[in-house]
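Worksheet: one structure, shown below.
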Ligand code: ADP
């Protein structure tokens with residue numbers, strides 16, 4: 001290292017993790033800080049005032065009647081706190097939480113094993129519920145509505161339909177794509193809550209709490225620097241916090257530690273997180289849209305092929321924030337880059353404005 005500068009190779013930081021931050025729930029189980037940082041009570045859950053307000057009332061009402069909470073559908077981009085809310089519902093309603101990632105439920109029999117294991121008041125959390133197969137979804141209908149399931153015992157002429165009663169439980173379903181849920185399935189959730197990106201003040205509060213729990217000492221302006229590049233997403237904020245700590249510690253141990261917000265901004269630059277929180281995949285997406293597709297409109301499949309990424313990764317993890325920040329427009333003809341992209345990436349905008357979908 002020279003002049004206090006560290007290179008990615010020397011620091012050996014897990015940069016890939018940052019760039020692909022939305023690992024499926026199953027592979028997130030091992031993330032050591034995730035469980036430490038997860039708020040267990042609704043009062044520790046920061047932000048999402050609308051969802052929290054409704055949930056508080058519905059839980060209080062159910063508790064007052066001595067009933068289980070109605071089924072809850074949570075929708076919103078990854079990392080905003082859907083799993084955390086499922087934990088909180090179980091904790092506050094006094095039930096056990098059973099986690100079932102949607103894609104791993106392939107056969108009805110997998111679901112039956114989980115359902116028949118439930119006890120009264122338990123909470124069953126199914127992540128990525130829009131990925132459930134039709135057969136599983138249909139097994140869930142009577143379980144959700146009448147707390148019973150139908151089993152067919154035996155084969156052919158000897159087959160017998162048996163109804164198995166289930167204890168009253170709460171199904172909490174999480175989805176990043178609520179539009180993909182069939183209407184009859186969606187309608188079976190008595191409570192539907194939408195989570196949105198967090199504002200700067202909320203992100204700072206989340207980071208202050210996380211820093212305290214992890215014993216990381218940061219000044220207020222350093223907290224703000226991390227918050228401002230965290231894409232309004234607690235999971236990303238927590239991850240950046242851990243990586244910024246790594247960078248600052250290594251720099252300090254090499255006698256090159258900076259101070260204040262500037263040191264944190266430099267660490268975030270080093271981590272390839274830009275001023276507005278865009279990560280390499282976000283920037284590659286925008287760059288390809290501008291350069292290969294002349295700013296669009298471009299179909300998501302074509303973009304996914306050019307980026308060698310899954311369509312669902314783009315739709316569920318990349319696009320929501322770009323749309324929210326006004327970098328992208330979604331039109332029936334495809335995705336269109338706004339003028340903001342050109343100035344942000346330092347590219348020359350094409351002559352005709354691509355923002356007007358009527359032009360195409
Ligand atoms: P999702 O299920 O929507 O992908 P999670 O519930 O797993 O997101 O949240 C990711 C992490 O972000 C959690 O471990 C938790 O530490 C943190 N987090 C999420 N929402 C909040 C919140 N409202 N307040 C504090 N921390 C939060």
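Quick notes
- Only residues that are within 30 Å of residue 247 (Cβ to Cβ), surrounded by fewer than 20 Cβ atoms within 10 Å (Cβ to Cβ) and touching a helix residue (DSSP H, G or I) at 6+ places or on another chain (Cβ under 8 Å) were counted in segment 276-309, giving 9.
- In segment 307-326, the residues that are at positive phi form Cβ pairs under 8 Å with partners that are buried (at least 16 other Cβ atoms within 10 Å of the Cβ) and modelled with pLDDT of 95 or more, at six or more places apart or across chains, as follows: 326/338; 326/340.
- Any hit, segment 10-23, residues being modelled with pLDDT under 95, over 19 Å from residue 189 (Cβ atoms) and touching a strand residue (DSSP E or B) at 6+ places or on another chain (Cβ under 9 Å): no
- Identity of the residue in segment 31-50, within 10 Å of the ligand (Cβ to nearest atom) and either in a helix (DSSP H, G or I) or over 18 Å from residue 238 (Cβ atoms) (or both), that ends up modelled with the lowest pLDDT: 33
- The one condition in (1) within 27 Å of residue 308 (Cα to Cα); (2) touching a residue at least 60 places away in the same chain (Cβ under 8 Å); (3) outside any helix (DSSP H, G or I) that residue 230 fails to fulfil: (2)
- For segment 75-175, no strands (runs of 3 or more DSSP E) sit wholly inside it while including 2 or more residues that are assigned by TED's automatic domain parsing to the domain that holds residue 236 and within 14 Å of the ligand (Cβ to nearest atom).
Listed here are the residues, each with its yes/no results for (1) farther than 30 Å from residue 35 by Cβ; (2) surrounded by 12 or more Cβ atoms within 10 Å (Cβ to Cβ); (3) at pLDDT 90 or above.
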| position | (1), (2), (3) |
| --- | --- |
| 97 | no, yes, yes |
| 103 | no, yes, no |
| 108 | yes, yes, no |
| 123 | no, yes, yes |
| 130 | no, yes, yes |
| 142 | yes, yes, yes |
| 148 | yes, yes, yes |
| 154 | yes, no, no |
| 158 | yes, no, no |
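- Residue within segment 193-201 that is within 16 Å of the ligand (Cβ to nearest atom), surrounded by fewer than 18 Cβ atoms within 10 Å (Cβ to Cβ) and either assigned to a helix (DSSP H, G or I) or over 25 Å from the mean Cα position of the chain (by Cα) (or both) present: yes
- Qualifying positions in segment 341-360 - more than 20 Å from residue 317 (Cβ to Cβ) and modelled with pLDDT of 95 or more: 342
- Residue selected from segment 254-275 under the condition touching a helix residue (DSSP H, G or I) at 6+ places or on another chain (Cβ under 7 Å) and at positive phi, by the criterion surrounded by the fewest Cβ atoms within 10 Å (Cβ to Cβ): 260
- Taken as a whole, segment 264-282 holds no residue that is in a loop (DSSP other than H, G, I, E, B) and over 17 Å from residue 229 (Cβ atoms).
- Residues that are part of a helix (DSSP H, G or I) and free of Cβ contacts under 8 Å to residues at least 60 places away in the same chain, drawn from segment 51-74: 52, 53, 56, 57, 59, 60, 61, 62, 63, 64, 65
- Listed by first and then second residue, the pairs linking a residue in segment 234-249 that is more than 17 Å from residue 274 (Cα to Cα) to a residue that is surrounded by fewer than 20 Cβ atoms within 10 Å (Cβ to Cβ), with Cβ atoms under 6 Å apart and 6 or more places separating them unless they lie on different chains, are 245/216; 246/13.
The values are calculated or read from the model by the stated rules, or taken from the named source; none is laboratory data. From a predicted model like this one, the values you see are computed outputs, not experimental measurements. Quick reminder, even Gly has a Cβ in these numbers, built from the backbone with ideal geometry, and neighbours come from all protein chains shown.
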